[in-house]
Amino acid sequence: KESKRVIVPSNSTKEDLIDLGMNEEKIRVIYEAPSLQKSSSEKVDEVKKKYNLQGDYLISIGITKLKNTENIIKAFHLGSAGKDVKLVLVGRAVGVELKEARNIRILGHVPKDDLGALLTGSRGLIYPSLYEGFGIPILDAFNCEVPVLTSNIAAMKEVAGDAGQLVDPYDPSSISEGIESILRGPKGFIDRGLTRVKDFSWEKTAEETLAVYREAVSRI
């Protein structure tokens, strides 16, 4: 109530705050930006060897109920992708009990430098979250020239725009069909992703944040 301005990372989050009773006039939307860069082929090979990864794989970042890990695994087994491509799960499991199964690898926490290489070397990011305030991994994947599958709801849809394969996160069959889509035609997703990610930068985020600070100070 005492704040002059409230900064949020997406219009989706803005709408959530308005629904909770916050004054819309206080809210300013400032997008975030990618945190990872595309790795060299040498770095990708080095990291794949480090984690004993062979062949093609899809990657999912975050292992929680919110990240929809259980439906990702169900979808992976539903389609034909699991026959030829592995699913690599990255992150510490929180609230989800998992066991490695056919063509599924659980890497746990990995350093940021390794994550960029793992993402770059993948056939696609599988990110059908149930909720995000923004979704930086979507932009990271675009930056790493990797196709993105994400949710057709909330901030994920807002961040991905028309550059990602949007799916119903509550429906494993929708996720499975989306996986098949990005594997069949990756180039279109990669090209649109590279175009989309140009709209986001930390420099732009900083400039817009400074402008909000100045706006707030001017009203004291």
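A compact table of results
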{"quantity": "Looking only at region 89-102, and only at residues there that are open to solvent by 10 Å² or more (accessible area, probe 1.4 Å) and part of a strand (DSSP E or B), the one that is nearest to LEU149 (Cα to Cα)", "calculated": "GLY91"}
{"quantity": "Residues of region 163-212 satisfying the condition of being open to solvent by 60 Å² or more (accessible area, probe 1.4 Å) and modelled with pLDDT under 95", "calculated": "ARG184"}
{"quantity": "Positions within region 54-77 being in a helix (DSSP H, G or I), without any contact (Cβ under 8 Å) to a residue 40 or more places away in the chain and not charged (D, E, K, R), in sequence order", "calculated": "THR69, ILE73, HIS77"}
{"quantity": "Residue within region 78-88 that is in contact (Cβ under 8 Å) with a residue 24 or more places away in the chain, part of a helix (DSSP H, G or I) and either surrounded by fewer than 16 Cβ atoms within 10 Å (Cβ to Cβ) or among the polar types (S, T, N, Q) (or both) present", "calculated": "yes"}
{"quantity": "Region 103-122, residues that are in a helix (DSSP H, G or I) and touching a residue at least 24 places away in the same chain (Cβ under 8 Å)", "calculated": "LYS112, ASP114, LEU115, GLY116, ALA117, LEU118, LEU119, THR120"}
{"quantity": "All helices (runs of 4 or more DSSP H) inside region 154-213 with 1 or more residues being over 15 Å from ASN68 (Cβ atoms) and out of contact with any helix residue (DSSP H, G or I) (no Cβ under 9 Å at 6 or more places or on another chain)", "calculated": "172-184, 186-197"}
{"quantity": "Selection within region 200-220 - among the acidic types (Asp, Glu) and touching a residue at least 60 places away in the same chain (Cβ under 8 Å)", "calculated": "GLU208, GLU215"}
{"quantity": "Qualifying residue in region 136-149 (condition: out of contact with any strand residue (DSSP E or B) (no Cβ under 9 Å at 6 or more places or on another chain), within 23 Å of GLU32 (Cα to Cα) and not in a helix (DSSP H, G or I))", "calculated": "yes"}
{"quantity": "Sole exception among (1) at pLDDT below 95; (2) surrounded by 24 or more Cβ atoms within 10 Å (Cβ to Cβ) for MET156, by number", "calculated": "(1)"}
{"quantity": "Qualifying residues in region 32-77 (those that are among the charged types (D, E, K, R), in contact with a Gly (Cβ under 9 Å, 6 or more places away or on another chain) and more than 17 Å from VAL148 (Cβ to Cβ)) - the one surrounded by the most Cβ atoms within 10 Å (Cβ to Cβ)", "calculated": "LYS48"}
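Yes/no matrix, rows are residues, columns are (1) within 16 Å of ILE59 (Cβ to Cβ); (2) touching a residue at least 24 places away in the same chain (Cβ under 8 Å):
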{"site": "TYR131", "(1), (2)": "no, yes"}
{"site": "PRO137", "(1), (2)": "yes, yes"}
{"site": "LEU149", "(1), (2)": "yes, yes"}
{"site": "GLY178", "(1), (2)": "yes, yes"}
{"site": "GLY185", "(1), (2)": "no, no"}
{"site": "VAL197", "(1), (2)": "no, yes"}
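The values are calculated or read from the model by the stated rules, or taken from the named source; none is laboratory data. Every value quoted in this text rests on a predicted model; they were computed, and no experiment measured them. Every residue, glycine as well, gets a Cβ built from its backbone with ideal geometry; the counts of neighbours run over all protein chains shown. Only protein heavy atoms, including side chains, enter the accessible area calculation; ligands, DNA and RNA are left aside. Shrake-Rupley method; radii C 1.70, N 1.55, O 1.52, S 1.80 Å.
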